[in-house]
There are 2 protein chains.
Amino acid sequence: MAHKVQETNMDVDYVVVFRVPDDDKQTGAEQFQKLIRALAETGLATEVRRNDETSLFIFVKAADEKTLTQVVYRSRIKDWLHGIRQIQPTQDTAQTLTSEPLTEAERYRMIHHMICCPREEGGAGITPKHGEWKAVEAVFPLHDHAKNKKWLTEFSQKTFLTPDDLDEVRNTMGEKIGYYYAFLQTYFSFLIFPAAFGLSAWVLLGNYSAIYAIVNGLWCVVFVEYWKRQEEELAIRWGVKNVGKIEDKRREFIPDKVITDSITGEQIPYFPSKKRLQRQLLQIPLAALCVIALGAVICTCFAIEIFISEVYNGPLKSVLVFLPTIILTLAVPTITNYLTQFAERLTFYENYETQDAHDKAMISKVFVINFITSYLGIILTSFVYVPFASLLVPYLDIFSLTVRPFAEHEKQFQTPPPAAFTINPNRLKNQMIYFAVTAQLVNFAMETVVPLVTQKGTKKYKEMQSARAEKSGGAAPSISANDPPEEKEFLTRVREEAALPEYDVTSDLREMVIQFGYLALFSVIWPATPVSYFINNWIELRGDTFKLTMESRRPNPARADTLGPWLDSMEFLAWLGSITTAALVYMFSGGDGPDGKPHAIRLWALLLSVLLSEHIFLVVRMAVRHAISKFDSSAMRKERSERFMVRKKFLEEAGLADAIKPVASPPNSPLKTASGEQAFTSMISRESLEEDARADSLTTARPADHFWHHQRTWAESERVGIGMIDLMDLKGKGEKKAQ
Amino acid sequence: MAHKVQETNMDVDYVVVFRVPDDDKQTGAEQFQKLIRALAETGLATEVRRNDETSLFIFVKAADEKTLTQVVYRSRIKDWLHGIRQIQPTQDTAQTLTSEPLTEAERYRMIHHMICCPREEGGAGITPKHGEWKAVEAVFPLHDHAKNKKWLTEFSQKTFLTPDDLDEVRNTMGEKIGYYYAFLQTYFSFLIFPAAFGLSAWVLLGNYSAIYAIVNGLWCVVFVEYWKRQEEELAIRWGVKNVGKIEDKRREFIPDKVITDSITGEQIPYFPSKKRLQRQLLQIPLAALCVIALGAVICTCFAIEIFISEVYNGPLKSVLVFLPTIILTLAVPTITNYLTQFAERLTFYENYETQDAHDKAMISKVFVINFITSYLGIILTSFVYVPFASLLVPYLDIFSLTVRPFAEHEKQFQTPPPAAFTINPNRLKNQMIYFAVTAQLVNFAMETVVPLVTQKGTKKYKEMQSARAEKSGGAAPSISANDPPEEKEFLTRVREEAALPEYDVTSDLREMVIQFGYLALFSVIWPATPVSYFINNWIELRGDTFKLTMESRRPNPARADTLGPWLDSMEFLAWLGSITTAALVYMFSGGDGPDGKPHAIRLWALLLSVLLSEHIFLVVRMAVRHAISKFDSSAMRKERSERFMVRKKFLEEAGLADAIKPVASPPNSPLKTASGEQAFTSMISRESLEEDARADSLTTARPADHFWHHQRTWAESERVGIGMIDLMDLKGKGEKKAQ
C-alpha cells in the first residue's frame, strides 16, 4: 500500500464528519454546537480537527469507562431479556467489562449505539444525512491497520480460513460481515467436490451429462441445508441467536394511528397489516415492469446479436457484433438503477415498522431485478434460441435497420429461409463459459482494481492540483499544513479513510448468490464451471478483504444471525435448478441438442423429465433436511446444557430448587409411623371408631364421605383388598367350566 | 341411555383396575400390596372394592389438598421454566390453587401424573399392563355424567359449537381432545363454502369443472393455512404453547450408552442419531411392502370386479359382482393389521427417546397405510381404468377362473376385443359418490351404532347368564350382591365404565384427514361431495361425542399444542390434490372423459396442466401463508403484551428497572455545572493548564494522550470547532472557481 501503516488510532473510537451546509456559517455553527452538546450529554468525549475546506472531524471516544460500562450492561440485560444470552449479566455493573471483556466489534457497536440511537433510549440520536442531522456526513470507526495488514498477508497464504480467522473477522467487523466470510468460506470448501467431479465429468462424460446434473442437484441441496445448520451453529458460537427478534424501530415508519395497549398501557404506533398487504400487491406490477423493461432490452439485444452474428455477413461484422453488448452495457445498469429506485420507493411506501422487515422486502425486490439481468440472456439462448431459432430468425429482418448503413448490398442482411438456417451449436456453451470465467474476471476488476485505480488517480490529481496552486502562488496553504506535526500522519490517514466509500456487504453476498444460481441452473452446460468458481472464490475472498480493509471505510459493526432473504433466494435457485437442468439434459444430452427446430423436441418427454426431476429434488431435499436435523452438533448440545444450568441456578437462587425435585412422601403418611399390618390393626381401636361415628354425625352425611370412610388408611385398604383376593373363586371358575 | 344418570362420583379421582394374574393368589396379593403402598407413598388415598370374579377396583383420590397443591405447583414451575407459562407462579404454594383454580382436566392430569410418572419424578411409577405392573389392567377417571348428558343435548340442538363449548371440552377432557373438537368445528364451518359452491357448480357446471377445481384447490390452501394459525391461537388461549417441548422420556427407550454431560455433569442416556437414521431407512422397504401387499390385493379385486361387471354376463352376475368387495372387506383389514404391527415394531426398533417422537414416527407410517387403502381404488379407476381399460381388459381373462364354475358357456366370460369394449362412463362418479355418501354412513354405523349394539348385547347376555345360573341354583351369588346398598348404583356404573374400550382420538382425527383427502384429491369428480361431508360432519361431531362419553372410558387428559403429523398429512394431500385435480379436469372436462383408449389423451397436455396447476398451487400457498402471517390476532397481541409485562415486572423485582431506562447524563458532565461558553473559558485557568502539564509529564507521553488533551471539555471542542468554521473559506472557494 502507498500509505505507511500506522499502528495507533489515538484511542479514537469513532469519527464524525461534519460538513458545513451550503456556505452558511451561521447555521453550520449552530448545528455544530448542537452536535457537540448532544455527544457530550450522552457521555462521549470529543476532539475537533479540520478535515477539508468545508468540513470538520469530530473524534469521539467514551468519556469514561463507567459510562461505557453502563451502556454495555444495559445492552446485555436487553439481550438477556430477549433470550439472546442465556446467562444473566452479573448485577454488579463494575464487573461487567472484566467478567466478559468486550470484543472490538462490540465496543464499536456500543459507541455507535450511543451516537445514533434515539434520545429516549439513551443515545445522542444522531441520524447522519437525515432530518435535523443533515450536516453530519458520516459516522464511522477507524481501521485497525495492523490487523488489516495481518489479514491480507495471512489470508493470501492459506487455502482455507480457520474458524479462528472467522472469529477474528467477527470480533473486529461484527457478526454481519462475519456471516459473509463464514458463508464464503463454507461455499468455497463445498465447491471442492463439484469442482473435482465437474472436471472429471467434463473430461469423461462431456457436456450435458445427466450424471453430472444429478450430482450437481444433490450437491446444491446438501450445501443449502448444511449452510442453514452452519448458520444456527455460528449463531450459538457467536452468541447472536435470536438477535433478529430485537427489532429496532425504523425512524421512517409512519404510523396510521397510535393505539393504547390494553394490557401494558403502552402507546403503540400502529399501521394496519391489511393496508400494508394492499400496498405489497404493488410488487406484482413492479415485477411485471422489471420483466418488461429489462426483458425488452435484453431480448432486443439478444435478437440483434443473433441477427448480426448469424445472418449478417457484410463488412464490419466483427465490429458490429459488439453493438448489442455495448447497448446492454449502457442500458441495463441505467434501467436497473431506475428500477431499484422504484423498488426503494415502493419499499418505503410499504412502511415497515422495523429496519429488518424493510431490508428483507428490499432484498427480495433486488433479487427479482438481479435474476432477470443475470439469467434472462442464458435462458433465452437455451429455451428460445436453441429450440425455436429457425422459426424466429425470419422475423429478425426488422433488425436489418441496425446494419443497413454498413451493408454493401441487400443480400448481406437477408434472413435465410428456415430450412437454410443452421444455428450456432456452441453459442450456449460459449455463453456459459463467459459467465463462468470472463464475467468473473471482469467483475473482479470492476470491484477491486477499478476503485483502487480511481482512488490512486484522484489522490494524484488532487496532489498535482494543490502543487500547481501552490506554485502559482496566492492560494491558501493546504489545510494539512496546519496540522500539529505529531498528528500529521494520523490526520492524513483519517482524511483518506473518510474519502473512501462505505462497504456494502449485501452486494458481495448478492454476487455469491447469483454465482450459486449459475451453478444450480446452468452448470450442466459446461461442467467445468465449478472449477472456475472455485478458483474465483479463493480470489474473491482475498479481494473482498482488500476492498473491506483498503478501499472502504470501516463499517459499523452490526449483528445478524442469518443471511436472511439470501438464503431463501438460494433455496429457490436450487429448486429452479432441478427444473432447468432436467430440461437442458433432456434437450441436449447425446449431441448438440436441437438444431433450432422445435419438432425434434417431444414436449411430453421434456415435461415428464422436468416433472420427475423436480419431484425427486423435493423428496431428496426433505430427506436431507430430516437427516441434518437429526444430527446434534456439539454447539447445540452445549447450548441446551447451558440453558439447563441457567434454569437450575435460577431456581436455586429463588429458593425453589426443591420444586423440581420429587415430592417426598407426605410427612404424616402412615408409612412413616408404622410399617406392618399389626400396627394398624391395633390403631383401629375402639376410640377411633367412635371418633368416626361422631365425625360422621357432625358432617352432613354425604354419600362420598361414607364411601371414603370404609377404609381409613392405606393399610386398611391393603388388608381389605388382600381379603377380597383371598375370597376370589379363581380355581373354582376354571373347574366350573370344565364340568 | 339405559342406565340412569347418577350425579355423584363419590369424590373419586381415578379408578385403578387390578386383575389377579393367572389364578395365582399369592403373587396377586403381593403385587396388590406393592400397588397400594406405592399409591399411598405418593400421597394418594385409596378405597378398595370388588370388580368382578378376578379383579378389584382401587379408587384413588388425592390424600389431602396440600399434596395436590405441591404437585400442581411443581408442574406449573416446570411449565414456566419451559416457556409454556409466561407468568411465574406465586412462591406461596398455599395460594397455588386459589389464585388459579384447576380445571377438571388439569386436576385429572395431575392425579394421573402422580399415579403414572416415574418415582424419580415423584410419582408412583405405575405403568399399566407393562413390566412389574402387569396386573394393573387400567387407570382411568370416571365420567361426569351430568356434563356428558348436557353436551349430548346441547350439541344436538345447535349447528356450530361456540368457543365456550370448545373451552368446556378442553376443561373437561384435556387439550388433546379439545384440539380435535376445535379442528372438527373449524373444518365443519369451512365446509359451508365448498358445500354451497360445490352444489351450484354441480347444478350449473356439471362434473369435472375447471372452475370448481380452482376454487376447491384455493379453499384447501386457505383452510390448511388458517387452521395452522388457529392452532397457534388456541395454544395461546389454552396456555399450552410450546407444550411439545416438555419431552416426556419414553420408558421403552434403550440407550446405547450413558454419557456424562461436560457442562451439567448429568448422566444422559444416549443413542446415536446415525444409528437411528440407518434404522429409519427400513421405512423404505416397509413402504414398499405396504404398496405391494395392499396394492396387489386392491388391484386384483379391482380387476376381478371389472371383469365380472363388464365382461362376464352369465348367471349370478348380480351376486358375483360383490365377490371382490367381500374379498376386500376380509383381506384389507387383515393385511392392514399385519402391516400396522410391522410398523409398530419398526417404530419401536427406531428407539425414540421421547413419546412424542415415537408417536409422530408411528403416525406417519399409519398415514402411508391409510393412504393406500383409502385412495388406491379411486386412483386405479381414474388413472388406469379410464385411460387404459380397452388395452387391459383383454388380459383380464385370467380372472375367468373366478366365474368359470358359474358360467353356462365360455362366451359368457370371454374378454371382448379392444375395439368392442366400451367402458362404463359412470364408474368413476359412482365410486366417488360411494366414498362421499355410502362409506360415510357405513363408517358412522361401524363407529357408533355397532359398539352400542354390542355393548347392549353383551350386557343382556351376561344378565341372562347370571339369571340362568341363579335359577339353576348352586352358583355363587353375583358379586354385585355384596355391594353396600348405598354404593350399589355407583359401583354398577363403575363396572360398566371399566368394561368400555379406551377412546382413541387419533383414529377419529385420521378419519377426518382422510375425508379431507377425498375432498382435495377427487371431489372434482362429483362437486356435490362437500355437501355430503358437511352434513356428515355435523353428525360426526355428535357421534364422536356420544362415543367419547357413552361408549368409551373417560380418557386421561393430555396436553397438545398442535395436530402434529396430521397437519403435515393435510398439507401433503392439498398439494397432491393440485396434481390429481388438474389431471382429472384435463382428462374428463367437457365429456365423459377418455373411453378407455389412451390415444385420446395427449400426454404433453396432461403433463403441462399438472405442472402448471402444481406451481400455481405452490405460489398461491406462499402468498396465502404470507398474508395470514401478517395478520396479528388479538390472542397473539395479548401474548406479546403479557410477555412484556412479565419482563418488566421481573426487572422491577430484581431492582434492575433502570437498566432498561435511558442513561441519564453522566453526573459529572460539564453540562450540569455550567451552561454557557463564558463559564468554561474561565475554567481553563492557569492552574488547570499547569495541572495538565504535570499530568502529562507524569504519564508516559503517549501520542494519544496528547491528542485528547488539545480540547479538555466539550465546551472547548465547541469553541475550537466554531472557530474553525469561522475560518472556513466558503465563499472564497466559490469565487475562486468563478475567476
A correct fewest-to-most ranking of A:Y208, A:Y226 by other Cβ atoms within 10 Å would be A:Y226, A:Y208
Label-point gap, in nm, between A:H409 and B:T159 - each point 7 angstrom along Cα→Cβ:
8.5 nm
Most exposed first by the Cβ proxy, i.e. fewest other Cβ within 10 Å, how do A:R559, A:R279 rank?
A:R279, A:R559
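Averaged across the residues of B:33-44, what count of C-beta atoms belonging to other chains lies within 10 Å of each residue's C-beta?
Values: counts 7, 1, 3, 10, 6, 1, 2, 10, 9, 5, 6, 2.
Mean number of neighbouring Cβ atoms from other chains: 5.
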Sort the following peptides by mean Cβ neighbour count (other Cβ atoms within 10 Å, averaged over residues), highest first: A:76-82, A:55-61, A:722-728, A:268-274.
A:55-61, A:76-82, A:722-728, A:268-274
Against the globular-protein guess of 2.2 N^0.38 Å, express the Cα radius of gyration of chain B as a ratio, rounded to two decimals.
1.35
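List, in the order given, every pair from A:K147/A:K249; B:K25/B:K547; A:K129/A:K275; A:K129/A:K462; A:K176/A:K630; A:K150/A:K456 whose Cα-Cα distance in the structure shown is over 31 Å.
Working: A:K147/A:K249 34 Å; B:K25/B:K547 36 Å; A:K129/A:K275 29 Å; A:K129/A:K462 26 Å; A:K176/A:K630 27 Å; A:K150/A:K456 22 Å.
Distance filter (> 31 Å) returns A:K147/A:K249; B:K25/B:K547.
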To the nearest 20 debye, what charge dipole does the protein assembly as shown have about its Cα centre, counting +1 at the Cβ of each Lys and Arg and -1 at the Cβ of each Asp and Glu?
2280 debye
Tell me, what ³J(HN,Hα) does each residue in the stretch B:18-26 have, in order and in whole Hz, if you take phi through Karplus 6.51 cos²θ - 1.76 cosθ + 1.60 with θ = phi - 60° and put x for Gly and Pro?
10, 10, 5, x, 6, 6, 10, 4, 4
Can you give the average number of partner chain beta-carbon atoms within 10 Å of each beta-carbon in peptide A:45-56, as a whole number?
6
Computed from the mean reciprocal separation of all distinct C-alpha pairs, what Kirkwood hydrodynamic radius does the protein assembly as shown have, in Å?
39.2 Å
Where Lys and Arg each count +1 and Asp and Glu each count -1, what net charge lies around A:L281 among other residues with Cβ under 13 Å from its Cβ?
+4
Please list, ordered by chain and number, the residues whose modelled amide H lies under 5 Å from the amide H of B:N51; skip anything fewer than 5 residues away on the same chain.
B:L56, B:F57
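For peptide A:703-709, what's the mean number of Cβ atoms from other chains within 10 Å of each residue's Cβ?
Working: counts 7, 7, 2, 4, 13, 8, 1.
Going residue by residue through A:703-709 and averaging, the value is 6.
Exposure proxy check: B:Y179, A:Y434 ranked by fewest other beta carbons within 10 Å?
Details: B:Y179 28, A:Y434 14.
Ascending number of Cβ neighbours within 10 Å: A:Y434, B:Y179.
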Would you mind counting up the charge near B:E232? Only other residues with Cβ under 12 Å from its Cβ, with Lys and Arg at +1 and Asp and Glu at -1.
-2
For the stretch B:271-285, take each phi angle, set θ = phi - 60°, evaluate the Karplus expression 6.51 cos²θ - 1.76 cosθ + 1.60, and give the result in whole Hz per residue in order, putting x for glycine and proline.
9, x, 4, 4, 4, 5, 4, 4, 5, 5, 4, 5, 4, 5, x
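Determine the calculated [θ] at 222 nm for chain A from helices alone, applying -39500 (n - 2.57) to every DSSP H run no shorter than 4 residues and normalising by the residue count; nearest 500 deg cm²/dmol.
-19500 deg cm²/dmol
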So how far, in whole Å, is the C-alpha centre of the stretch B:182-214 from the one of the stretch B:6-75?
52 Å
Straight distance only, please: which aspartates and glutamates reach the Cα of B:K648 with their own Cα at less than 13 Å, same-chain residues fewer than 8 apart left out?
A:E266, B:D658
Give the aspartates and glutamates whose C-alpha is closer than 16 Å to that of A:K149, dropping any in the same chain fewer than 8 places away, or say none.
A:E7, A:D165, A:E168, A:E497, A:D544, A:E551
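Find out how many positive minus negative residues lie around A:D164, taking Lys and Arg as positive, Asp and Glu as negative, among other residues whose Cβ is under 13 Å from that of A:D164. Let's see the in-between values first.
On the way: positive: A:K150, A:K158, A:R170, A:R237; negative: A:E154, A:D165, A:D167, A:E168.
Result for the local shell: 0.
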Any idea how far the Cα center of the stretch B:334-348 sits from the one of the stretch A:328-405, in Å?
55 Å
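For a quick protection proxy, order the peptides A:635-641, A:254-260 by their average other-Cβ count within 10 Å, most packed first. Could the numbers behind the result be given before it?
Numbers: A:635-641: 16.4, A:254-260: 11.1.
Highest-to-lowest ranking by the protection proxy: A:635-641, A:254-260.
Just list whichever of B:K228/B:K649; A:K638/B:K245; B:K459/B:K488 have alpha carbons separated by over 22 Å in the model shown. Mind showing how you got there, number by number?
Working: B:K228/B:K649 32 Å; A:K638/B:K245 18 Å; B:K459/B:K488 17 Å.
B:K228/B:K649, as the Cα separations exceed 22 Å there.
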Using unit Cβ charges (K, R positive; D, E negative) and no other charged atoms, how large, in debye to the nearest 20, is the dipole of chain A about its Cα centre?
1160 debye
Near A:K411, which lysines are there with a Cα under 20 Å away, not counting those fewer than 8 places off in the same chain?
A:K317
Quick check: the angle from helix B:145-157's long axis to the longest principal axis of chain B, C-alpha only, nearest 10 degrees?
80 degrees
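Quick note: the coordinates plus some simple rules give every number you see, no bench work behind them. This is a predicted model, so every value here is computed, not measured. When we count neighbours, we look across all protein chains shown, and the Cβ atoms used for this are built from the backbone with ideal geometry, even at glycine.
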